[in-house]
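Below: one structure, written as structure tokens.
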Amino acid sequence: VPELRLGIFVSQSSTFTSALIINLPELVIDHLRGDAFQPALKEEAGEAGGVDEFAGTYLQNRRVFSSFAALFGSASTTTVAQISADVLVLEGSSGSRQYRRVGAERDVFEAANGGRIGFVRADGQVVAMADSSGVHTSEKVGPMQAPMTLFIVVGAALLLALSSLLGFWWRLNRPSRHSFASSTAAFIGLVSSLSVLLFAVSAAVMAQQMSDLDISKLAGNYPSAAMLYTHYAGWLVAGCGAAMLFALWPVWWGSGWGLWRRLHFSVFAVVLALLGFLLWQWRVIGAPVY
């Protein structure tokens, strides 16, 4: 940092995390200056100027693709957004940082701390991003491959499941006519709601266990029981989603339900079917856990 007549060198022998190398230099600067320092490129927002082609969600390629562990790759997400014609902002697990285009370079950007990123193209389209480490690339993904889509759909399924259970409880002691179609659809909806709750609880327990796990003990504790429960609960959710889609016909033409209840069931069916597809895409189901 020439302005401070300061240079910082950090060496590390652990591969557990790079947080020390990434954060210590700026913490030293904060300490010497007496206040927090955030390297940033001060520039007013302007025309996109072509930089918007880089915007989107990127997933790091150093992750598992073929087994249940692919789900853990959802934590390696970076989002790129435009600030102005030549400035991008990256947001990821290590925070946010701004990058400005390097001179006449079309696909190379540099941060205020000297770190650079470069974008990779195929047939003229941006398909990946490489950082200055020389070993990391991140693939640009569409909305259906973005982890946020999975989280939103899980949240929507959970809300629909809870509202469905509340409706079941409200109608429990109220007199009503039950046809075969309505009873069957109601049973499918109840089982589907319970399956979503089971999946959510299993996933939450798994996330808690993984956050507390010492990585040096991972080999002897893989897969965990919670991972297996999440895998089986995922299959149950996917099966219930298929059953709800098949039940749409009797729900609309033989159940005698009110419009609101039929709409709720239909939306729940579509969301659950979409969740089943996303669970397959993220290898929660349809792939080995081991």
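The values are calculated or read from the model by the stated rules, or taken from the named source; none is laboratory data. Because the structure is a prediction, the values reported are computed rather than measured. Don't worry about glycine lacking a Cβ; one is built from the backbone with ideal geometry, like all the others, and counts go over all protein chains shown. Heads up: the accessible areas ignore ligands, DNA and RNA and are worked out on the full protein's heavy atoms, side chains in. Shrake-Rupley method; radii C 1.70, N 1.55, O 1.52, S 1.80 Å.
Remarks
- Note on region 141-290: the alpha carbon radius of gyration divided by the globular reference 2.2 N^0.38 Å gives 1.18.
- Around Phe268: net Lys/Arg minus Asp/Glu count, Cβ-Cβ under 12 Å: +2
- Over region 62-113, all Cα pairs binned in 5 Å intervals from 0 give whole-percent P(r) values of 5, 18, 21, 17, 13, 12, 10, 5, 1, listed from short to long.
- Folded to 0 to 90 degrees: helix 180-212 orientation relative to the chain principal axis, Cα: 30
- The chain: translational diffusion in µm²/s, Stokes-Einstein, Kirkwood Rh over Cα pairs, 20 °C, 1.002 mPa s: 95
- Karplus 3J(HN,Hα) series, Hz, for region 266-283 with 6.51 cos²θ - 1.76 cosθ + 1.60 (x for Gly, Pro): 5, 5, 4, 4, 5, 5, 5, 5, 5, 4, x, 5, 5, 5, 5, 5, 8, 6
- Modelled FRET efficiency - R0 22 Å, Val102 with Ser18, Cβ distances, 0.05 increments: 0.40
- Surface composition of the chain: carbon and sulfur atoms hold 62% of the protein heavy-atom accessible area at a 1.4 Å probe.
- Semi-axis lengths, largest first, of the ellipsoid equivalent to region 122-190 are 49, 13, 7 Å, with √(5λ) applied to each eigenvalue of the Cα gyration tensor.
- Distance from the Cα centroid of region 162-201 to that of region 67-105 is 43 Å (rounded to whole angstrom).
- Given their separation in residues at 0.36 nm each and the Cα-Cα distance between them, Leu6 and Tyr290 gain 97.3 nm when the chain is fully extended.
- Around Ala185: net Lys/Arg minus Asp/Glu count, Cβ-Cβ under 10 Å: +2
- Relative to the longest principal axis of the Cα atoms of the chain, the long axis of helix 147-171 lies at roughly 30 degrees.
- Relative to the dominant Cα principal axis of the chain, helix 225-246 is inclined by about 50°.
- Working from label points 7 Å from Cα in the Cα-to-Cβ sense, the Trp260 to Asp212 distance is 4.2 nm.
- Only helices enter the 222 nm calculation for the chain: every DSSP H run of n ≥ 4 contributes -39,500 (n - 2.57), and dividing by all residues gives -15000 deg cm²/dmol, rounded to 500.
- Using the Cβ of Ile29 as centre and a radius below 11 Å, the other residues enclosed give a net charge of -3, where K and R count +1 and D and E count -1.
- Of the peptides 184-192, 4-12, the order by per-residue mean of other Cβ atoms within 10 Å, starting with the highest, comes out as 184-192, 4-12.
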